[in-house]
1. Putting +1 on Lys and Arg Cβ atoms and -1 on Asp and Glu Cβ atoms, find which of A:Val73, A:Ala95, A:Thr139 reaches farthest to the positive end of the dipole of the range A:40-146.
2. Could you rank the peptides A:130-136, B:79-85 by their average count of other C-beta atoms within 10 Å per residue, with the highest value first?
3. With a Förster radius of 25 Å, plug the Cβ-Cβ distance of B:Val112 and A:Arg78 into 1/(1 + (r/R0)^6) and report the FRET value to the nearest 0.05.
4. 5 Å is the cut-off here: which amide hydrogens, built 1.01 Å from N in the peptide plane, fall below it relative to B:Leu91, excluding neighbours closer than 5 in sequence?
5. Which far-off residues, 5 or more places away or on another chain, put their amide H under 5 Å from the one on A:Leu125, with H placed in the peptide plane?
6. How many partner chain Cβ atoms sit within 10 Å of a residue's Cβ in peptide A:91-102, on average, as a whole number?
7. With an 8 Å Cα cut-off and a minimum separation of 6 or more residues, compute the relative contact order for the range B:28-113 in percent.
8. Return the lysines within reach of B:Lys62: Cα separation strictly under 29 angstrom, same-chain partners fewer than 8 residues apart disregarded; answer none if there are no such residues.
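The values are calculated or read from the model by the stated rules, or taken from the named source; none is laboratory data. Remember, predicted model here, so these are calculated numbers, not experimental data. All Cβ positions, glycine included, derive from the backbone under ideal geometry; neighbour counts span all protein chains shown. Surface areas here come from the heavy atoms of the whole protein model, side chains and all, with no ligands, DNA or RNA. Shrake-Rupley method; radii C 1.70, N 1.55, O 1.52, S 1.80 Å.
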Amino acid sequence: MAARWPAAAAILIVALQLMPVHRSNPPATADLSAPPEISSMLRDACYDCHSNHTRWPWYSAIAPVSWIVYRDVAEGRRRLNFSDWDAYASDPGTARRKLTQIADLVIAGKMAPWYYRALHPRARLDPAQRRIIARWAATQAQGAGR
Amino acid sequence: MRFVHLVTFSAVLLAVCALTAQTECSDSPIFTIRAEAGHFTPSQLEVAANQPFTVRVTSAEKTPIEFESFELRRERVVRPGETISVNMPPLGPGTYKFFDDFHRDTPEGAIVVK
C-alpha cells in the first residue's frame with residue numbers, strides 16, 4: 001500500500017501542470033522616468049512583479065510554484081505598475097501616494113519580499129541603496145503636488 | 001444708486017467666476033462622492049464616455065480612508081473632514097470599480113461610463 005504513495009504524488013504533480021497559468025507581458029505604455037541609477041535598481045529589484053517587463057523564471061512554469069509567482073505578479077501589477085506610470089501621473093495625488101509608499105516600503109525593507117530576495121541576489125538592496133531610492137521617491141512625491 | 005449697486009454686484013460676481021474658473025470651472029464635469037458610516041454615497045456614478053472628469057471625495061469618517069481603484073489606477077488617502085479632487089482621464093464605456101483600501105468591509109462602488 002505504502003509503495004503507491006510516490007506514484008500517486010508523481011501523478012498529482014504531473015496533473016497539476018495541466019492547469020493553465022497565464023504568463024504574459026502586456027504592452028508597456030509609459031514607464032516611470034528616473035535617473036539611471038534609480039531605474040536600474042528598480043528594474044533589478046521590483047520590475048518582475050511591478051511592471052509589464054516580468055522576467056518569468058523557469059520555475060514559474062511548474063505548478064504549484066507557478067501559481068504563487070502568478071499571484072505575486074498579478075497582485076503586484078495591480079497595486080503598483082511602473083509600466084502604467086503615465087496613468088498614475090494624470091492624477092498628481094495618486095502619483096504622490098505611490099511614491100510615498102515606495103519610499104516607506106523600501107526603507108522598511110518590506111519590498112522586495114524576502115522570499116524573492118532569497119532567490120534573486122540582484123534584488124538585495126543594501127541600506128545605502130534603500131536610502132537612495134527612498135530619498136528620491138520622497139522628493140518626487142513632493143514635486144507631484146497633492 | 002440702485003444701478004450702481006447692480007453694477008458692483010455684477011463686477012464682483014464676474015471676478016469670483018473668473019477666479020474660480022482657473023481652478024474648477026473648467027469644462028470637465030465634477031462628481032461628488034461622500035464616505036460616511038462605512039459607505040460611499042452615491043456608490044455608483046454615471047459618467048459620459050471619452051470626456052475627462054473630476055471626482056471629489058469627501059470623508060465624514062472618523063479615521064482616514066483610502067479611495068482606490070485598480071481599473072482607474074487611482075489611490076488617494078482622504079483624512080477625516082477632508083475633500084480631495086481626483087482627476088479622471090477620458091474613459092471608454094465600461095464599469096470601473098472603486099473601494100476603500102483601509103476598510104475592505106466598506107461596500108465597493110463603481111463608475112459606470114456610458
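1. Of the options given, the answer is A:Thr139.
2. Details: A:130-136: 17.9, B:79-85: 12.9.
My ranking of the peptides, most packed first, is A:130-136, B:79-85.
3. On the way: r = 21 Å, r/R0 = 0.83.
Calculated value: 0.75.
4. For B:Leu91, whose amide H was placed from the backbone, the distant partners under 5 Å are B:Asn50, B:Gln51.
5. When sequence neighbours closer than 5 places are left aside, there are no close amide H contacts.
6. Working: counts 13, 1, 10, 10, 2, 3, 6, 2, 0, 1, 1, 0.
That average works out to 4.
7. Values: 212 pairs, mean separation 28.5, N = 86.
Rounded, it is 33 percent for the range B:28-113.
8. A:Lys98, A:Lys110, B:Lys97
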